[in-house]
Amino acid sequence: MPTHTDRPDSSDAPAATPNQPSRRRFLQTAAAAATVGAAPHLHAQTQTPVAPPAPVRQTVPPRPVTLTVNGRPYTLQLEPRVTLLDALREYAGLMGTKKGCDRGQCGACTVLADGRRINACLTLAVMHEGEQITTVEGLASNGVLSPMQRAFIEHDAFQCGYCTPGQLCSATALLNEFRNGTASTVTADVRNRPAQLSDAEIRERMSGNICRCGAYANIVAAVRAVHDGGGQTGNAAVGPLQGQPQDSAQRNA
């Protein structure tokens, strides 16, 4: 009589292959491959980045620039990047024009270029060859103050005086602009010539010049006095400068 055992019949089970990896072996191999593959990326992340080489700055050598300032030619050796303000002060030796904010916000560096007021700190000197530049030194003529300069003294339109050169140049151009019919943002009808130079017009037209001492009311009064007097604003004799030598005709008068 045949005997039965509890063991299953393994005759149909596939024979074990010696080279077939086990599940544990497969997972170990996959983990090792992932670690090796990630190693270069991990190394790159831990490395300190190398800064790129600094670009080589090519400087442009100075070249002669001729500026006509207060009627006199100045031939200066300037780099193209030199501002008109630095050219006047550091190269031409005209220290009347002041450097305030050096960003075109205070108006202390205001000069006239062909009669137009500009901020000398915001423009390059090479751009003004062939133009007539007027600084505060050029407002007086032969040691005689201009009407605007005299009015600033009479109306006490300055305190520390640092902003005064720019204020004077701006006020001089202001009256010329008004006489030429140039409107401002407070002009009632910008299509027509301004009817009158009101205090509001003066304040608006001088708004680009800051006086940290707060002499604004007196500055308006000085500009008003010159306008109402009808005198020329610059290069006109209204009296000798104090401390300036007089010529023989003046001394013998």
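Only the coordinates and a few stated rules stand behind these numbers; no lab work does. In this text the structure is predicted, and so the values were computed from the model without any measurement. Here the Cβ positions follow ideal geometry from the backbone for every residue, glycine too, while neighbour counts run over all protein chains shown.
For a paramagnetic label modelled at 7 Å from the Cα of residue 68 toward its Cβ, which residues of the range 117-157 fall within the zone defined by backbone nitrogen distances under 12 Å?
129-134
Set the Förster distance to 45 Å, then compute FRET efficiency between residue 182 and residue 60 from the Cβ-Cβ distance, nearest 0.05.
Numbers: r = 37 Å, r/R0 = 0.82.
With R0 = 45 Å, the Cβ-Cβ based efficiency is 0.75.
Expressed in nm to one decimal, what extension gain is obtained for the pair residue 51 and residue 31 from 0.36 nm per residue of sequence separation less their Cα-Cα distance?
Values: separation 20, 0.36 × 20 = 7.20 nm, distance 3.52 nm.
Stretched fully, the residue 51-residue 31 segment lengthens by 3.7 nm.
What is the pair-distance distribution P(r) of the range 99-223, computed from all Cα-Cα distances in 5 Å bins starting at 0, with each bin given as a whole percent?
Values per bin, smallest distances first: 2, 11, 20, 23, 21, 15, 7, 1, 0.
Assuming R0 = 30 Å, what is the FRET efficiency of residue 217 and residue 142, from their Cβ-Cβ distance, to the nearest 0.05? If you can, show how the numbers build up before the last one.
On the way: r = 32 Å, r/R0 = 1.06.
Computed FRET efficiency for residue 217 and residue 142: 0.40.
Pop out the ³J(HN,Hα) list for the range 166-182 in order, Karplus 6.51 cos²θ - 1.76 cosθ + 1.60 with θ = phi - 60°, rounded to Hz; leave Gly and Pro as x.
3J(HN,Hα) across the range 166-182, in whole Hz: x, 4, 5, 5, 5, 5, 4, 5, 4, 5, 5, 5, 5, 5, 7, x, 6.
What FRET efficiency comes out for the pair residue 191/residue 122, r = Cβ-Cβ distance, R0 = 35 Å, nearest 0.05?
Values: r = 30 Å, r/R0 = 0.84.
The formula returns an efficiency of 0.75 here.
How far apart, in nanometres, would the label points at residue 154 and residue 204 be if each is projected 7 angstrom from Cα along the Cα-to-Cβ direction?
Here the answer is 2.7 nm between the modelled labels.
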